[in-house]
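The values are calculated or read from the model by the stated rules, or taken from the named source; none is laboratory data. Treat the numbers as computed from the prediction; the structure is a model and nothing was measured. All Cβ positions, glycine included, derive from the backbone under ideal geometry; neighbour counts span all protein chains shown. Each accessible area value is taken on the protein alone, full model and side chains, heavy atoms only, with ligands, DNA and RNA left out. Shrake-Rupley method; radii C 1.70, N 1.55, O 1.52, S 1.80 Å.
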Amino acid sequence: MKMTEKCLEINENLKIILERRSITFFDKTKEIEDELLIKIVELASLAPSSYNLQPWEVIIVKSKENKKKLREICFNQEKVEDASANIVVIANYKRAINNIERVLDDFKSKGYPISVNKSIIENFYTNNAKMRAVRDASLFAMNLMLIARFFNLETHPMEGFNEKLLREFLNIEDYKEIPLIIAIGYKDLTKELLPQGIRFPFSDFGKII
Ligand SMILES: Cc1cc2nc3c(=O)[nH]c(=O)nc-3n(C[C@H](O)[C@H](O)[C@H](O)COP(=O)(O)O)c2cc1C
């Protein structure tokens, strides 16, 4: 048996990734305590980000009434209302810039050899700031979807929403980006998903040089 196959077989933790799916059927009867939602979001914040500036924000849409409204905004996707909650992931580059001082102070207090100052980081970040913020917020979002599975929760990422209506509903300013919404909840065990969609082999998309 090859080493990679052996690792896959013995590493239970890989199940978190191997068995993750975008869940279409959530158990409508189940709620998630606010405390657990907050825990999952905080654990997701362990994701890496450029200079550790953590440009993400979330708005968790959980009440029945708000989920109903969000479902309309998400082109009537049923899972939005069936899920226990929906986490709107926002990329706010201004938040990253505002965090520079706190992050630098933290680095210094921990003995990091810092060769840059606030204005150097600010200049660097400001060049293509929205892209940097969206990239980091997306890493955060992926982390969140995997962490949810450690709590027996499932997720569904969504970009199918009317952005203008979503901004109006949640008062999200234009300078912020909204990479995705993550529906989160417990799987409806009475329903089966179709098999997972194709994934392409390394030779299709990668090379080793
Ligand atoms: C950023 C993003 C946006 C997505 N938006 C939607 C969506 O609006 N509606 C939907 O049904 N699926 C959506 N998906 C789910 C994908 O279709 C799904 O991840 C893909 O088919 C692979 O399936 P799997 O996650 O079960 O492996 C989205 C996925 C991502 C990453």
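Would you be able to say whether some residue in region 118-125 is within 12 Å of the ligand (Cβ to nearest atom) and under 30 Å from residue 60 (Cβ atoms)?
No, region 118-125 has no match at all.
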- What residue, among those in region 36-71 that are acidic (Asp, Glu) and without any contact (Cβ under 8 Å) to a residue 60 or more places away in the chain, is farthest from residue 104 (Cα to Cα)? 65
- Item | Residue ID - nearest to residue 136 (Cα to Cα), chosen from residues in region 14-68 that are aromatic (Phe, Trp, Tyr) and open to solvent by 60 Å² or more (accessible area, probe 1.4 Å) | 51
- Out of 145, 131, which single residue is closer than 14 Å to residue 97 by Cα, modelled with pLDDT of 95 or more and not hydroxyl-bearing (Ser, Thr, Tyr)? 131
- Filter region 78-96 down to residues that are within 21 Å of residue 187 (Cα to Cα), in contact with a Leu (Cβ under 9 Å, 6 or more places away or on another chain) and of a type outside the set (D, E, K, R), then give me how many there are. 6
- Note on the structure: Taking region 162-185 and keeping only residues that are closer than 20 Å to residue 81 by Cα, in contact (Cβ under 8 Å) with a residue 60 or more places away in the chain and open to solvent by 50 Å² or more (accessible area, probe 1.4 Å), one is left with 162, 165, 169
- Which residue pairs have Cβ atoms under 8 Å apart, sit 6 or more places apart or on different chains, and have a first residue in region 196-209 that is open to solvent by less than 100 Å² (accessible area, probe 1.4 Å) and a second that is part of a loop (DSSP other than H, G, I, E, B)? 196/21
- Message: For the list (1) within 15 Å of the ligand (Cβ to nearest atom); (2) out of contact with any His (no Cβ under 7 Å at 6 or more places or on another chain); (3) outside any helix (DSSP H, G or I); (4) not polar (S, T, N, Q), I need the number of the one condition that residue 189 fails.
- Response: (1)
- Item | Test for residue 102: is it modelled with pLDDT of 95 or more, surrounded by fewer than 22 Cβ atoms within 10 Å (Cβ to Cβ) and in contact with a Ser or Thr (Cβ under 9 Å, 6 or more places away or on another chain) | no
- Number of positions in region 117-161 that are more than 22 Å from residue 33 (Cβ to Cβ), open to solvent by 80 Å² or more (accessible area, probe 1.4 Å) and not in a helix (DSSP H, G or I): 3
- Note on the structure: Among helices (runs of 4 or more DSSP H) completely within region 17-103, the ones holding 3 or more residues that are away from the ligand (no atom under 16 Å from the Cβ) are 34-44, 64-73
